[in-house]
1. Per residue, how many Å² of accessible area does chain A show with a 1.4 Å probe?
2. Over all alpha-carbon pairs in region A:355-457, figure out the percentage whose distance exceeds 18 Å.
3. Can you tell me the order of B:294-301, A:132-139, A:49-56 when each peptide is scored by its average per-residue count of other Cβ atoms within 10 angstrom, highest first?
4. Express in whole angstrom the spacing between the alpha-carbon centres of region A:71-96 and region B:271-318.
5. How much accessible area per residue does chain B have, counting only protein heavy atoms and a probe of 1.4 Å, in square angstrom?
6. As a test of reading the structure, rank B:His178, B:His251, A:His106 by solvent-accessible area (1.4 Å probe, protein chains only), most first.
7. Roughly how big is the B-A contact, given as buried accessible area in Å² (both sides, 1.4 Å probe, nearest 100)?
8. Just need the Rg to Rh number for region A:5-122, please, alpha carbons only, Kirkwood Rh.
Amino acid sequence: MFRNIRRIIQILFLLFFIFLLIKTVYPADFPIPLDFFPRYLDPLAASATMLASRSISMLIIPMLIVIILALLLGRFFCGWICPMGTTIDISDRILFRRFKRPKIKHNPRLRNLKYYILVAFIVGAAFSLQMIWFADPISIVTRSYGVILYPYFSYVTRSTFDTLYLIKGVNLISEPIYGVLRNNVLTLFQPTSRMLILFFSVFAVIISLSIIQRRFWCRNLCPLGALHGLLSTRLNFWRRRVNENCIECGKCRRECGLGAIPEDPRKYWPQECTECMSCRDVCPVNAISFGLKQPFFDKPKTTGLNLSRRSFVKSALAGIAAVPLLKLNYSKKKMDEAVIRPPGSLPEEQFLDKCIRCGECMKVCPTNGLQPAFMEAGVEGIGTPILVPEVGYCEYVCTSCTKICPTDAIIPLKEKEKQSIKIGTARIDKDRCIPWSEYENCLVCEEQCPVPTKAIKFETKDVVTFNGEIRRLKMPVVLKDKCIGCGICENKCPVSPKAAILVTGQIPGKESHGGLHKAADTSTMEQPSPQAVGKIKVPGQEE
Amino acid sequence: MSEKINRRDFIKGLAVASAGIYGLQSSNSIIIPDKQALAQVATNTIMVVAQGNIEKGPEPEIIKKVTRESVAALGGMGRFVSKKDTVLVKPNIGWNRTPEQAANTNPYVVEAVVEMCKEAGAKKVKVIDYPVNSARITYSRSGIKDAVDRADGSMEFADERKFKEKSIPEGEMLKSWHIYQDALDADVLINIPIAKHHSLTKLTLGTKNLMGLVLKREQLHTRIDQKLADLSTVIKPNLVIMDAYRTLTSHGPNGGTPRDVKLVGQIIAGTDMVAVDSYAATLFGLTGEEIGYIKESYERGLGEIELGKVATKNVEVA
């Protein structure tokens, strides 16, 4: 009975989590914080980002609340709330229900792995390398649902309804349903992610590990589970009790999804128990109950937590050793040109300290232009959001990504502030640009430029073509100081597959070639820019 | 407008209309869609310029009133829309700009048009654009989504499956292109562009608004004048209502500074898209001859460019 209540609550939390992700669309104004899970329920990400950035943020308050709850009530988060845990439970049930798992003798060394993982990541963060995104389940599950499963679901839905659309009669029923989905759940175009396979494989591995043991990930690897486990060994008012009716049938031990019950079923390891209540419900003699206990007088005989000092130090050292390995990067000095960060991003170093790759910004981006970096931002920057104008541009009036960053790696911006922040600079490739190389008018980039007085102007030139014909053409020119780097020009350029106008990054706080940090504020330039050759025609001043 | 046509008026009108058409024969190019042949009887006016009193407020009422008067003077919406018709309304909703920035058709113009279609008995009034910026953003920020909802029309996002490759028999540059099927299938197509600046073509007007009904618009920019004329041989709006209440005079087609916006206060309704475009050009101190695609369309016989030859009615809306 209690088990079913727990299952319902798990499902409700998962549905809430998915609902929030579906609502994570422009303009990202929703009464409930859309980044609720990574922002408020993830003490691991909060502590790692605060350690790495050596700053204390508002995240500390929800973090302390979660920690206090874990101290008092134990590792209930894993069993009742965690969307990753619920996902694993569901997939276990669907995929491996009939599966005969190998019989593994209970091995505390395997189980202790998660504590060492936790130590390595936290010590690494203290030494300025924040890699917690790699193992933090909340980060993994958020990006898996938002950036991987959502496009996947979208594709399947779309292709299904596209097929039904072709069948006369059926489409009369299917199209209205598709319309509702399209207006409320799907985006208007198929979203994609460059890291689909890479991100997906991490998710798939976590799911498939259950072949070995139920909830293998939660038992042995999850650092957030480890953190909750460590907290639940000391105080923990909420305890499992077994009364004298126990017949030692061992049913509870076999049922326990986390292997928290030792040979003697009267005992249990509180740091492993997620309080899922399954043991209570399967007990044939109703000997098991959960309830409040006076913690100081009724300590369990053994917690089973047996971390060796040696392994502890080893994992801490591993965390430290990884720092230079991932931080050293031959291309670092060029990096401010290589990637276009979302507007409102912190300066690169701090950005990397804080970004947990939850993918919220990529999910919310209305043009799908925010994509996970592969190696563009160095090894340390894998999976961080970069604008890829080839895929989508930064909407001039949109500030969605700045509103939903759970760790404030992207700080909230007002529309006006956002429009004045330069994230990159466009440069024209004259060898490929249509008027420059093909002697035909085009001017798509100028048309698209969202800067109110246009950061792309044009100069009118008389050009002699190869057959002696004189053509008067409008040649686009970029005013570097006014360009904000939104990338729409590159996105819409008709030259393909690589556009004839390319946007390079400008990491906030860094200046490139004397480019200005805040273009729109400092420049009132209406006149030709210094680098322009010839006469630029200003619209409104026709011949 | 609910003008009932009796036999006597019909014959009388027929005489007047044929005289009118005969008088305009020199251009021999006025587009009179079949549906209008009968309605032409009531009036031979093919273009109405309605001037609103821009001093007077509140603005929504003024704009709606001017729009209504312009269509009324043209013979009323009943001239174009019959009972049970499906109407497709194509405003310019291309940009993520607000109505004050004059980059999209004014929402109150759209509202009035949808209302009039509904009043004329249309079964369904679809409002659609395939915008440049993200559709969800442009639909809401332009105010048009709300306006259409108020008028009980149906605002639809363009469905990419409905862009079908159509051959353009009279096309010079384009032999075929992907065109929105619903626009071709609709009983009545109403084009409601906004008059504004555009660097490449000088002005964005009715003909250029058709670009929101086709795919791969970026590819149309080389030799744009010929390509736009090609498209308008296939996509033929039954009615054009030009929003020149606010015009964007520079930094178009999206603009963004209030400096570039000019309050003109006019709504131009007409059946000849070339004539309407040609008139709208004069609001910017240009003539139709100076705008490449208007000239091209005229030369192909798609409409009249010389305003002297267009039966125009001026309406002052107090």
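The values are calculated or read from the model by the stated rules, or taken from the named source; none is laboratory data. Just so it is clear, the structure is predicted and the values come from calculations on it, not from any experiment. Backbone-built Cβ (ideal geometry, glycine too); neighbour counts: all protein chains shown. In case anyone asks, the SASA skips ligands and DNA or RNA and just uses the protein heavy atoms, side chains included. Shrake-Rupley method; radii C 1.70, N 1.55, O 1.52, S 1.80 Å.
1. On the way: 24560 Å² over 543 residues.
With all protein chains present, chain A gives 45 Å² per residue.
2. Details: 3007 of 5253 pairs.
Across region A:355-457, Cα pairs with separations above 18 Å total 57 percent.
3. Descending packing order for the listed peptides: A:132-139, B:294-301, A:49-56.
4. After rounding, the separation between the Cα centres reads 69 Å.
5. Spelled out: the 1.4 Å probe surface of chain B, per residue, equals 37 Å².
6. Largest accessible area first, the list is A:His106, B:His178, B:His251.
7. Numbers: alone 13520 and 26100 Å², together 36410 Å².
Roughly 3200 Å².
8. 1.02
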